[in-house]
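Enquirer: Before I ask anything, here is the structure I am working with.
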Amino acid sequence: MTTTPGGRPPSPWTGSHHEDQHRWQLEQVTTLADAVEELRRLAEELRVAETAGWRLAQPVSRGRLVAARASRRTRTEPAPPVAGPAGAPVLPPWRLRVVDEPPLAGDVVLDLAAPAAAQTPVVADDGDGWRQVGGPPWPSVRLQEVLGRLGDVPSGRRWGLAPARVGPVVDVVADGSALRVHALREGRLVRTVEVLSFLHAADRSTSLGQAAAAYQRLAAAAGAMAAAGGRLVGTEDGLLHVGYDA
């Protein structure tokens, strides 16, 4: 690799101050494979910039990256060492999303008592607390985690569980809710649309290495969604919308 004075590799950016907004760079991609490639390219750019002497001036927030490096005069001095490989900012262990969509004319409505939903885990508060009341059993540890987060969910109704195809997210969908981003397939309630947030992917990163690892993690999620049958249906304002066909 070619180096500059001070033993640094060539910088991908010019000057001593660099600002960017990681929000629109994926607007032109048309497939998840394209998104994976662009995210990996961005991650590599950030790693090279860090090795070239750039450092974040503030934590990343909403995709805004502000970095600085030493002046031209001081860049002739030996480059400071770069810390070892950084991990991406820690995400919550998993997230729960409550879905209760009032149906409109023509909507498909979730009926948890129907044979078409026979393979969907169903939970309800029977007056003695939340418990599973229907469908195939879930692993007890994960079920207890879900039940422990249902304190603000209205009781007196039945709710179907739908884990995300990829990632630590579980939806609880109300019996009688319109199915707009879910469907019943082979008896199971599944998501038909998922969203990846490029805009917030590197939030809380305090180093370029951390931000690079965050975008690499997002690339891995996009690749996993493609492997699970997902296809990119659109990008908008830093979000990638992924759909799953039957």
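Enquirer: How high is the relative contact order of the chain, in percent, with contacts defined as C-alpha pairs under 8 Å that are six or more residues apart?
Expert: 27
Enquirer: If I take every Cα pair under 8 Å that is 6 or more residues apart in region 161-233, average their sequence separation and divide by the length, what percent do I get for the relative contact order?
Expert: Dividing the mean separation by the residue count of region 161-233 yields 27 percent.
Enquirer: A further question on this structure: Run lengths n ≥ 4 of DSSP H only: what is the helix-derived mean residue ellipticity at 222 nm for the chain, with -39500 (n - 2.57) per run over all residues, to the nearest 500?
Expert: The per-residue figure over the chain is -6500 deg cm²/dmol.
Enquirer: At most 10 other Cβ atoms within 10 Å and a DSSP loop assignment: could you name the GluC sites (Glu not before Pro) in region 144-246 that fit?
Expert: Counting only loop positions with at most 10 other Cβ atoms within 10 Å, the GluC sites (Glu not before Pro) in region 144-246 are E186.
Enquirer: Report, to two decimal places, the Cα Rg of region 115-236 normalised by 2.2 N^0.38 Å (N = number of residues).
Expert: Taking N as the residue count of region 115-236, the ratio is 1.25.
Enquirer: When the chain is fully extended, how far beyond the present Cα-Cα distance does H241 get from A57, taking 0.36 nm per residue of separation?
Expert: Contour length minus the Cα-Cα distance gives 63.1 nm.
Enquirer: In degrees, nearest 10, range 0 to 90: what is the angle between the Cα axis of helix 208-227 and the longest Cα principal axis of the chain?
Expert: The angle comes out at about 40 degrees.
Enquirer: R142 to E37: FRET efficiency via 1/(1 + (r/R0)^6), r the Cβ-Cβ distance, R0 51 Å, to the nearest 0.05?
Expert: E between R142 and E37, to the nearest 0.05, is 0.95.
Enquirer: Rounded to the nearest 10 degrees, what's the angle between the helix 32-51 long axis and the longest principal axis of the chain, both from Cα atoms, 0 to 90?
Expert: With both axes taken from Cα atoms, the answer is about 40 degrees.
Enquirer: Next question. For the chain, what are Rg and Dmax over the alpha carbons, in angstrom?
Expert: Every Cα atom of the chain included, Rg and Dmax give 22.9, 74 Å.
Enquirer: Pop the C-beta distance of S71 and V195 into the FRET formula with R0 = 35 Å and round what comes out to the nearest 0.05.
Expert: Taking R0 as 35 Å, the efficiency between S71 and V195 is 0.25.
Enquirer: Tell me, what is the FRET efficiency for D111 and T206 to the nearest 0.05, using R0 = 45 angstrom and their Cβ-Cβ distance as r?
Expert: 0.40
Enquirer: Using the Cβ atoms and a cut-off under 14 Å, what net charge is assigned to the surroundings of L184, where Lys and Arg are +1 and Asp and Glu are -1?
Expert: Cβ neighbours under 14 Å give a net charge of -1.
Enquirer: Among residues other than A202 whose Cβ falls under 12 Å from its Cβ, what is the net charge (Lys/Arg +1, Asp/Glu -1)?
Expert: Result for the local shell: +3.
Enquirer: Same structure, new question: Name the residue farthest towards the positive end of the dipole of the chain from the options G238, A86, A52, assuming +1 on Cβ of Lys and Arg, -1 on Cβ of Asp and Glu, about the Cα centre.
Expert: A52
Enquirer: Could you give the size of the charge dipole of region 75-227 about its Cα centre, using +1 on the Cβ of each K and R and -1 on the Cβ of each D and E, expressed in debye and rounded to the nearest 20?
Expert: I would put it at about 460 debye.
Enquirer: Roughly to the nearest percent, how much of the accessible area of region 126-220 is carbon and sulfur, given a 1.4 Å probe?
Expert: 51
The values are calculated or read from the model by the stated rules, or taken from the named source; none is laboratory data. All values derive from a computational prediction rather than experimental measurement. Positions of Cβ are backbone-derived with ideal geometry, glycine not excepted, and every protein chain shown enters the neighbour counts. To get the accessible areas, we keep the full protein, side chains included, count just its heavy atoms, and leave off ligands, DNA and RNA. Shrake-Rupley method; radii C 1.70, N 1.55, O 1.52, S 1.80 Å.
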